[in-house]
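Asks: For reference, the structure I am asking about is given below.
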Amino acid sequence: MRGLAVDLERKHLRLPVESRVYIELEGATGEYAANGDEGIAICKTLDVSAQGLRVALDHELEEQAYLQVGVEPPHGDHPAEPFFLIAQVRWCRPGDTPDHPFIAGLALMPARGSDIDRWIALISDLAD
């Protein structure tokens, strides 16, 4: 029951959509470069909303950091261009399973040149 109450307090409906996400990591040196990631973390969404993403990834993200992300559209009949978005890391914590070492909450930010309007339209269509 508590989970339901928390969900009712949210401003935007969360949808259980799985998509591939590319996160540009700042200063790709040290651990990221040693792992061959070349500054890009590839992860997947656990759920999405018009204003955010919850993602499972292999890397811990710094809270409050602003990141450039690319989100592949959910699978459909036709291939589509990825959404290029700006996100702020609201939280990041260890995951519960080996295939989800870290879970992070990303808030999508309105930014000139981003695909935020196209993203909001997609989520609205998926919710209908």
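The values are calculated or read from the model by the stated rules, or taken from the named source; none is laboratory data. Source: prediction; values computed, not measured. Neighbour counts are summed over all protein chains in view; Cβ atoms, including those assigned to glycine, are modelled from backbone coordinates with ideal geometry.
Asks: Given (1) within 17 Å of E18 (Cβ to Cβ); (2) of a type in the set (V, I, T); (3) at pLDDT 90 or above, where does T97 come up short, assuming only one miss?
Replies: Unmet for T97, out of (1) within 17 Å of E18 (Cβ to Cβ); (2) of a type in the set (V, I, T); (3) at pLDDT 90 or above: (3).
Asks: Can you name the residue in segment 95-128 that is out of contact with any strand residue (DSSP E or B) (no Cβ under 6 Å at 6 or more places or on another chain) and assigned to a strand (DSSP E or B) and, of all such residues, is nearest to R14 (Cα to Cα)?
Replies: D96
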